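Only one structure is covered here, and it is reproduced in the block below.
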Amino acid sequence: MTTPRTAQTAERTGPPEVIKAVPVRHPGRWVAAAVVLVLVAMLVNTLVTNPRFGWNIIGQYFLSSRVLTGLGYTILLTVVAMAIGIVLGVLLAVMRLSVNPLLSGASWVYIWFFRGTPVLVQLLFWFNLAFLYPRISLGVPFGPAFVHGNANSLITALAAAILGLGLNEGAYMAEIVRAGILSVDHGQIEAAQAVGMSRALTMRRIILPQAMRVIIPPTGNETISMLKTSSLASVITVTELLYAVQLIYSVNFQTIPLLIVASIWYLIMTSVLTIGQYYVERYYARGAARSLPLTPLQRLRRNLVITHDRLAKQPMQPPGESGERR
Amino acid sequence: MSTSFEAQAATAFAGTGPMVLAEQVHKSFGLLEVLKGIDIEVGRGEVMCIIGPSGSGKSTFLRCINHLEKIDAGRLSVDGELVGYRQQGGKLYELRDREVCAKRAEIGMVFQQFNLFPHMTALENVIEAPVRVRKMPKNEATDLANQLLADTGMEDKASAYPKQLSGGQQQRVAIARALAMRPKLMLFDEPTSALDPELVGEVLGVMRNLAKTGMTMVVVTHEMGFAREVGDSLVFMDDGVVVESGRPRDVLSNPQHERTSAFLSKVL
């Protein structure tokens with residue numbers, strides 16, 4: 001008896017009815033959203049109505065040559081210090097993982113020292129190096145020197161900032177690179193050894209490219225951090241972005257508008273870095289997943305194409321077709 | 001079988017004497033003695049299968065052959081030359097890294113976990129060592145790799161990344177990668193143990209074809225059918241010693257030792 005009945009029911013109803021249920025209400029979310037909305041309104045209100053923000057002054061100085069020069073120095077400091085940091089970091093990480101206790105010990109002490117003292121202190125130290133070594137010479141250790149120089153003219157404020165930020169960054173990058181190297185499966189090293197690859201070749205061709213997936217995200221983080229940490233160089237008179245605006249407001253006393261100018265530029269630069277990091281991560285993710293996810297741009301383009309196609313097709317559909325589907 | 005597999009065979013018969021000779025090989029990890037005096041001889045063109053319970057030392061012995069592990073005592077030589085050492089005037093000298101690498105380049109190895117390089121396509125995996133280690137021109141290496149991928153039935157997947165391949169396909173690429181170095185000896189460390197049952201056959205098929213070309217092979221395996229059909233000799237290891245060895249048919253159907261029959265009764 002049951003079999004014919006089920007067959008009958010199936011015949012009568014066809015495909016199952018789409019569920020239409022009363023959704024659960026979330027009053028808490030509405031209250032929270034209302035609070036956020038009020039706070040945003042207050043923020044916008046004060047930004048617009050408080051004349052002391054000095055939006056016209058911000059506009060006036062935003063692209064001024066002194067601010068742009070400062071911006072250039074900030075970018076220079078960030079790029080050079082990060083370059084030093086990354087090269088030093090790879091070197092220190094490989095040393096740290098060495099079987100030679102002297103090499104790994106030296107790396108450990110370096111990291112211990114440079115991570116253990118404030119970067120501001122390190123900057124001041126390099127800036128005042130001339131007190132410790134008035135003359136700097138290049139030559140054979142414990143032997144004759146070939147080139148001599150005055151420390152004050154060799155270590156300029158910019159050189160001190162680059163040294164301080166770069167050497168400090170090296171310690172942090174070393175730990176990041178080490179974590180990346182350790183994250184690579186040991187079987188990879190064995191497979192490389194088994195085909196006759198040397199240690200150096202294995203490191204360069206097999207381990208580091210795979211370690212990159214682990215190294216890139218924190219390195220992006222470090223770069224963004226460096227962009228802002230470079231403002232500490234203002235203390236040792238490098239006219240980077242912060243010191244440039246400080247010099248301006250020390251004359252015209254427009255402190256807040258000029259600090260906002262600097263902040264906007266920092267935000268713009270970190271945004272650009274964030275986008276860059278996304279694409280670098282994507283590059284090193286190849287082989288890690290079965291297929292790479294689409295980039296936001298690709299997704300946007302595809303959605304546009306789909307919408308376009310749909311819009312283009314709709315009027316061409318014969319009226320009968322949709323009727324049949326009912 | 002196609003041409004490049006045939007070419008492998010030519011190198012295998014180049015010298016004289018056994019391809020692998022182990023005499024009283026000992027190996028310990030800390031206090032744990034894993035190999036307690038192994039005597040094994042693998043002839044040129046011979047396919048030797050090594051079976052035994054896990055922890056019996058069969059994988060360790062295989063890894064000693066290409067110096068992934070150092071032996072503590074005894075003598076181990078491949079193609080008449082000591083593994084990892086050079087003997088001069090009754091004294092042993094450790095080989096430099098470069099020399100060890102050159103020796104390893106002549107021995108192919110296939111791992112249980114495939115260990116393909118995940119950031120490279122199948123083709124890039126195969127050409128990596130010929131190009132970087134042997135300094136072979138890239139187009140020449142690519143021709144060789146395409147031939148080997150065809151031999152292993154992977155020609156359609158040359159541009160796929162390992163993650164996009166099944167286990168059996170990955171292992172076939174791994175075999176092609178090892179063969180690209182034109183080895184005189186191939187080591188297989190449980191090549192089918194990490195595979196789904198229905199994928200085991202395709203890998204064993206490739207190995208069977210390779211054996212037909214005369215390649216010298218040492219295969220640590222749990223595939224008794226393969227050992228019986230393809231193997232020229234069978235070694236049963238237990239607790240760091242060779243318990244029994246002989247023709248696969250004899251050992252499998254008429255084991256002489258109690259430990260062998262006890263093991264076989266569990267796996268057959």
Going 7 Å from the Cα of B:S166 toward and past its Cβ, which residues in region B:176-205 have a backbone nitrogen under 19 Å from where you end up?
B:176, B:191-205
Can you give the extra length, in nm with one decimal, that the chain gains between A:L311 and A:L103 once fully stretched, where that is 0.36 nm per residue apart less the Cα-Cα distance?
68.2 nm
Cα-based Rg of region B:157-268 per 2.2 N^0.38 Å, rounded to two decimals?
1.17
Provide the percentage of antiparallel DSSP beta bridges, counting only those with both residues in region B:123-265; round to the nearest 5.
50
Heavy atoms of B:K212 accessible to a 1.4 Å probe, total area in Å² rounded to 10
150
Of the candidates A:T239, A:T49, A:T78, which one comes out as most mobile in a Gaussian network treatment of chain A with C-alpha springs shorter than 10 Å?
A:T49
PRE zone check, label point 7 Å out along Cα-to-Cβ of B:E94, amide N under 20 Å, scope region B:18-59, hits B:26-31
Using a 1.4 Å probe on protein heavy atoms only, how many Å² of accessible area do B and A hide from each other, summed over both chains and rounded to 100?
2200
Averaged over residues of A:183-191, the number of beta carbons from other chains lying within 10 Å of each residue's Cβ is 4
Å² per residue, accessible surface of the protein assembly as shown at 1.4 Å
55
Using a 10 Å cut-off around each Cβ of peptide A:140-148, what is the average number of partner chain Cβ atoms that fall inside?
0
For q values of 0.23 Å⁻¹, compute log₁₀ I(q)/I(0) with the Debye formula on a Cα-only model of region A:178-252, without solvent.
-0.95
Sequence of A:S271, B:S159, B:S59 when ordered by accessible area, the most exposed leading, probe 1.4 angstrom:
B:S159, A:S271, B:S59
Select from region B:60-93 those trypsin sites (Lys or Arg not before Pro) which occupy a DSSP coil region and have at most 13 other Cβ atoms within 10 Å, ordered by residue number.
B:K70
Calculate I(q)/I(0) for the protein assembly as shown by the Debye formula, one identical point scatterer on each C-alpha and no solvent, and give its log10 at q = 0.06, 0.08, 0.09, 0.11 Å⁻¹ to two decimals.
-0.56, -0.84, -0.94, -1.08
Picking from A:I268, A:I84, A:I19, which is most flexible by a Gaussian network model of chain A using Cα springs under 10 Å?
A:I19
Cut-off 10 angstrom, C-alpha nodes, Gaussian network model of chain A. Which of A:V31, A:V94, A:V238 fluctuates the most?
A:V31
Among B:L82, B:M136, B:P18, whose Cα lies farthest out toward the positive end of the dipole of chain B, if unit charges sit on the beta carbon of Lys, Arg (+1) and Asp, Glu (-1)?
B:M136
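Please report, as a whole percent, how much of the solvent-accessible surface of chain A comes from carbon and sulfur atoms (probe radius 1.4 Å).
68
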Among the complete DSSP H segments of chain A, which ones combine at least 30 Å of alpha-carbon extent along their axis with a mean Kyte-Doolittle hydropathy of -1.0 or more?
A:27-49, A:65-96, A:157-182, A:255-284
Only Lys, Arg (+1) and Asp, Glu (-1) charged, at Cβ; the protein assembly as shown dipole about Cα centre in debye
1980
Solvent-accessible surface (1.4 angstrom probe) belonging to A:Y278, in square angstrom, nearest 10
80
Over 20 Å between Cα atoms, which of B:K157/B:K184; B:K70/B:K135; B:K58/B:K266; B:K70/B:K103 qualify?
B:K157/B:K184; B:K70/B:K135
Over region B:184-267, what is the mean sequence separation of C-alpha contacts under 8 Å (at least six apart), divided by residue count, expressed as relative contact order in percent?
23
A:I264: accessible area at probe 1.4 Å, nearest 10 Å²?
50
Within 10 Å of each candidate Cβ there may be at most 13 other Cβ atoms; applying that plus a DSSP loop requirement, which chymotrypsin sites (Phe, Trp or Tyr not before Pro) in region B:20-98 survive?
none
Quick one: plug the Kirkwood hydrodynamic radius of chain A (C-alpha pairs) into Stokes-Einstein at 20 °C, 1.002 mPa s, and report D in µm²/s.
82
How much mean residue ellipticity at 222 nm does chain B get from its helices, if each DSSP H run of length 4 or more adds -39500 (n - 2.57) and you divide by all residues, to the nearest 500 deg cm²/dmol?
-11500 deg cm²/dmol
Mean ellipticity per residue at 222 nm, deg cm²/dmol - from DSSP H runs of n ≥ 4 across chain A, formula -39500 (n - 2.57):
-23500 deg cm²/dmol
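The values are calculated or read from the model by the stated rules, or taken from the named source; none is laboratory data. Worth saying up front: this structure is predicted, and the values here are computed from it rather than measured. Quick reminder, even Gly has a Cβ in these numbers, built from the backbone with ideal geometry, and neighbours come from all protein chains shown. To get the accessible areas, we keep the full protein, side chains included, count just its heavy atoms, and leave off ligands, DNA and RNA. Shrake-Rupley method; radii C 1.70, N 1.55, O 1.52, S 1.80 Å.
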